[in-house]
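Here the structure is laid out as structure tokens; the discussion comes afterwards.
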Amino acid sequence: MEISIKYHADIDPLEQTDHGDWIDLRAAEDVVMKAGEYKLISLGVSMRLPLGYEALVIPRSSTFKHWGVIQTNHCGLIDNSYCGDDDIWMFPALATRDVVIEKNSRICQFRIQKKMSSVEFHTVDRLGSVN
């Protein structure tokens with residue numbers, strides 16, 4: 001699979017490692033936050049995902065331990081319509097303590113997955129399964 005990517009900052013290029021299915025994303029700026037502060041942290045990239053695919057963005061397992069920030073939407077979803085030159089991926093962060101995140105720090109990760117097929121819901125009186 002090929003993905004077109006535009007960098008908006010001088011950060012290390014994205015790469016997929018052999019030992020994981022998720023790809024790390026980096027802070028594209030130095031970030032200073034006080035406890036309780038919210039900030040959209042630029043990840044410094046825009047991408048054109050393949051048609052029929054979307055990206056899930058979540059924190060790395062070490063993000064809270066290192067910086068004490070949580071992702072406010074807990075799991076970000078970027079669909080393939082967010083693909084313009086200025087559609088920069090962001091990480092919505094809430095600081096639980098005063099923190100400094102240096103530019104190029106790996107703060108979150110993403111993976112590409114196929115979009116869900118169309119779903120039709122049918123209302124029934126009984127599902128017919130065991131409780």
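Does residue 77 satisfy being open to solvent by 90 Å² or more (accessible area, probe 1.4 Å) and out of contact with any strand residue (DSSP E or B) (no Cβ under 9 Å at 6 or more places or on another chain)? Full working, then the answer.
Details: open to solvent by 90 Å² or more (accessible area, probe 1.4 Å): yes; out of contact with any strand residue (DSSP E or B) (no Cβ under 9 Å at 6 or more places or on another chain): no.
No.
Does region 52-59 contain at least one residue that is under 21 Å from residue 8 (Cα atoms), open to solvent by 20 Å² or more (accessible area, probe 1.4 Å) and touching a residue at least 60 places away in the same chain (Cβ under 8 Å)?
yes
Take residue 103 and tell me if it is surrounded by fewer than 18 Cβ atoms within 10 Å (Cβ to Cβ), closer than 17 Å to residue 12 by Cα and over 13 Å from the mean Cα position of the chain (by Cα).
Answer is yes for this residue.
When you check residue 82 against the structure, is it touching a residue at least 40 places away in the same chain (Cβ under 8 Å), of a type in the set (Ser, Thr, Tyr) and open to solvent by 70 Å² or more (accessible area, probe 1.4 Å), yes or no?
No; evaluated as a whole, the condition is false for this residue.
Of the numbered conditions (1) open to solvent by less than 30 Å² (accessible area, probe 1.4 Å); (2) over 16 Å from residue 84 (Cα atoms); (3) at pLDDT 95 or above, residue 24 fails exactly one; give the number of that condition.
Going through (1) open to solvent by less than 30 Å² (accessible area, probe 1.4 Å); (2) over 16 Å from residue 84 (Cα atoms); (3) at pLDDT 95 or above one by one, residue 24 breaks only (1).
For region 11-96, which strands (runs of 3 or more DSSP E) that fit wholly inside it have 3 or more residues that are under 20 Å from residue 1 (Cβ atoms) and within 16 Å of the chain's Cα centre (by Cα)? Break it down stepwise before answering.
On the way: elements: 23-26, 31-33, 38-42, 45-48, 53-59, 69-71, 76-79, 90-95.
The strands (runs of 3 or more DSSP E) meeting that bar are 23-26, 45-48, 53-59, 76-79.
The values are calculated or read from the model by the stated rules, or taken from the named source; none is laboratory data. Just so you know, these numbers come straight off a predicted model, no measurement behind them. Cβ: placed from backbone, ideal geometry, glycine included. Neighbour counts: every protein chain shown. Remember, those area values only see protein heavy atoms, side chains included, never the ligands or the DNA or RNA. Shrake-Rupley method; radii C 1.70, N 1.55, O 1.52, S 1.80 Å.
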